[in-house]
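Shown next, in structure tokens, is the structure this report addresses.
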Amino acid sequence: MPVITVRLWEGRTRRQKAELARRITDAVVEIAGCERDTVRVIFEDFAKSDWAVGGRLADEAE
């Protein structure tokens, strides 16, 4: 059972996540040869203030 975790900054729409989940699932089925119903995609949304890039909080880099 493949489990794929996608970590994103918050703000993506439900529609965007649904499309991303569909495309990731398609790729895993095609490449790994597993059954579609066994693929799990988990989204974790983070505020930019909860993420640091290059030693600075991501919301400071804007």
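Restricting to the stretch 1-40, what's the tally of residues that are outside any helix (DSSP H, G or I) and of a type outside the set (Gly, Ala, Ser)? So that I can check it myself, show each step before the final result.
First pass over the stretch 1-40, keeping only residues outside any helix (DSSP H, G or I): 1-13, 33-35, 39-40.
The next check asks that each one be of a type outside the set (Gly, Ala, Ser); those that pass are 1-10, 12-13, 34-35, 39-40.
Number satisfying all stated conditions: 16.
Figure legend. Inter-residue proximity from the stretch 21-41: first residues over 12 Å from Ile4 (Cα atoms), second residues of a type outside the set (A, V, I, L, M, F, W, C) and part of a loop (DSSP other than H, G, I, E, B), beta-carbon distance below 8 Å, spacing 6+ or different chains. Indicated pairs: Val29/Glu35; Ala32/Pro2; Cys34/Pro2.
Residue count for the stretch 1-20 under the criterion of being free of Cβ contacts under 8 Å to residues at least 24 places away in the same chain and among the basic types (Lys, Arg): the result is 2. Within the stretch 1-37, the set of residues being touching a helix residue (DSSP H, G or I) at 6+ places or on another chain (Cβ under 9 Å) and of a type in the set (Ser, Thr, Tyr) comprises just one member, Thr25. Scanning the stretch 42-62 for residues being farther than 18 Å from Thr5 by Cα and assigned to a strand (DSSP E or B) gives a total of 4.
Scanning the stretch 42-51 for residues that are surrounded by 13 or more Cβ atoms within 10 Å (Cβ to Cβ) and without any contact (Cβ under 8 Å) to a residue 40 or more places away in the chain turns up Phe43, Asp45, Lys48.
Here, each number is a calculation from the coordinates, and none is a lab measurement. The shown structure was predicted, so the numbers you read here are calculated from the model rather than taken from an experiment. Glycine also receives a Cβ, built like all others from the backbone with ideal geometry; neighbour counts cover every protein chain displayed.
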